[in-house]
Structure formats: C-alpha cells, structure tokens
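Engineer: Okay, here's the structure, questions in a sec.
The values are calculated or read from the model by the stated rules, or taken from the named source; none is laboratory data. Quick caveat: nothing in here was measured; it's all calculated off a predicted structure. Here the Cβ is made from the backbone with ideal geometry for all residues, glycine too, and neighbour counts use every protein chain on show. Ligands, DNA and RNA are stripped out before the accessible areas are found, and what is left, the full protein with its side chains, is counted by its heavy atoms. Shrake-Rupley method; radii C 1.70, N 1.55, O 1.52, S 1.80 Å.
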Amino acid sequence: MRKKEGAPFSLFAFQDAITSVCGVVVLVTLLLALNLTRQAAEETQTAYVAQERVEETRREVEELRAKLEESERKWDECFADKSELLGMDISEAQERVAEARERLEKERAVAAELDARLAEAQSKAAQFEEERKEIDAMRKETEAMKNAAFESVYSGTETTYVFPSDVEEKPWFIEIMKGKIVARSSANEADAKVFDSPFSFTTWAEKRPKTEYFVLIARPSGVKDFSFVKSEFDNENIRYGIDLIGEKTPLVFQQEATP
C-alpha cells in the first residue's frame, strides 16, 4: 500500500526575497556612485577656484614687493641728497642761498622789464588805433568833400562831344557811371557798347588797335571804377584823356560835318 504524498516544497518566496535584496543593493550602489561623482566634481571646482585665488594673491604680492622696492629706492635717493646737504657747512649753505636769491632778483628784473615793454607796446597800439581812426575819418571826409566839389563844379548844362571825320586815329568816348560803362565810337546810339564792370571793359579795351584812343568821361558815382580803369590803362600804356562831368549832366554826341 503506497503512502499518500504531501504538497511539493516551493522556493519562489526565497527567490523573491533574494531578488529584492539584490535590487536594493544595486540601487544603493548607484546612489553612492552618483554621490561620489558629484563630490569629486565639487572638489575639482573648489580646487580650481582655490588655484586662481592663489595665483591672484601671488600677483598682488609681487606688485606690492615691486612697489616696496621702488619706495626703498626713492628713499635711498632722498636720503643721499639729504646726506649731501647735511654734509655742507653753514657758510656753503648760506652761499648757495645767496646765489639763489641773486638769480631770483635777476629774473624779477627781467620780468619787470618785459612788463614795461608790454605796457609800452599796448600804449603804442592804442595810439596807433586812435591815429588809424582819425585817418579813416579824414579819408571819409576828404572823399565826401571831393564828391561834393566834383558835383558842384561839373553839374551844369549839357556837354557836347564831337567825333572827328577823316582821321587815322579813332576816338572812343567812355562814359563811366555807377554799375555801368558805356563806350561810343560814333554818334549813333545803336553802336554803343555797354559793360557791367570795369574789368570787362579794360579786358576789351586792351585788345583794341593801337590807332584808337579813349576819352574817359567820369561821373561822381563812377569814381571808383574810373580809378580802376585809369590804373589799368597806365599799366598797359593805353592812350587816354580825362573829362569830369556832373552826375546829371546830359551828354550830346555829334559827328563832325565833312567839309
């Protein structure tokens, strides 16, 4: 007769426990490894910062040492100068002081002389300025008197100019007034040439044949242009005559009758 067999023995519970323990151990190992890695990185960063601070401190120490050496050098120089002065006797020191005072007095004398010259120059400049103003005033007064006399003498009845006939040398009558110069070579008004500046007129006149000559008829308003034209004619050896008339004096131009 066979014996009744019981329920079989199972190891699943033991395996589950072992697996759980192994998982916990692996997890703890990973956490420890991660913590150690982080600590190593922090320690490396701290060491780098510390190294930089050490280098910075070393540079500051070197700078302070250089400044200290420079201060010691200057102190030695100053001390040497003081030692030299202390080595002098009283008479020598007094002699040097006297020389310094003498140089100072000479420099003060030169400065005083320069101040005197400057004051004299300023005085002369002021005097010259006053004289210049007086000369300008006299020039203006003379110009006004000349214009007034010019107007009073040459402001009369009409003035007649005659163009000669059958002559080799041809005359040009040049009327000079303010802002305009009129050149006439005949009694025909249509043949007159008008120039708006003395420069354009003299440029044209310099190109005329040598058989022609000019009669400059100047009105008071054209005195400035007349002076320019006269100066240019003198420089270029151009033949000319001069006639002064009043500002409102009428001009009459006639052709000489042929006999």
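Residues are listed down the side, and each one gets a yes or a no for (1) assigned to a helix (DSSP H, G or I); (2) of a type outside the set (Ser, Thr, Tyr):
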position: PRO171; (1), (2): no, yes
position: ILE174; (1), (2): no, yes
position: SER186; (1), (2): no, no
position: TRP204; (1), (2): yes, yes
position: VAL215; (1), (2): no, yes
position: VAL223; (1), (2): yes, yes
position: PHE233; (1), (2): yes, yes
position: THR249; (1), (2): no, no
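Engineer: Does the stretch 37-45 contain at least one residue that is open to solvent by 100 Å² or more (accessible area, probe 1.4 Å), assigned to a helix (DSSP H, G or I) and modelled with pLDDT of 75 or more?
Structural biologist: yes
Engineer: Enumerate the pairs (first residue in the stretch 132-152 and closer than 13 Å to GLU247 by Cβ; second residue anywhere and at pLDDT 80 or above) with beta-carbon separation below 7 Å, excluding pairs fewer than 6 apart on the same chain, so at least 6 apart or on different chains.
Structural biologist: Within 7 Å, the pairs are ASN147/PRO220; PHE150/PRO220; PHE150/LEU244; GLU151/PRO220; GLU151/GLY246; GLU151/GLU247.
Engineer: How many of the residues making up the stretch 163-194 are over 15 Å from LYS224 (Cα atoms) and either in contact with a helix residue (DSSP H, G or I) (Cβ under 8 Å, 6 or more places away or on another chain) or open to solvent by less than 70 Å² (accessible area, probe 1.4 Å) (or both)?
Structural biologist: Looking only at that region, the number is 14.
Engineer: Something else now. Going through the stretch 206-259 one residue at a time, which ones are polar (S, T, N, Q) and closer than 25 Å to GLU143 by Cα?
Structural biologist: The answer is SER221, SER227, SER231, ASN235, THR249.
Engineer: May I ask you to say which residue of GLU84, GLU141, GLU151, GLU134 is modelled with pLDDT under 80, closer than 30 Å to LYS178 by Cβ, open to solvent by 100 Å² or more (accessible area, probe 1.4 Å) and out of contact with any Phe, Trp or Tyr (no Cβ under 8 Å at 6 or more places or on another chain)?
Structural biologist: Residue meeting the stated conditions: GLU141.
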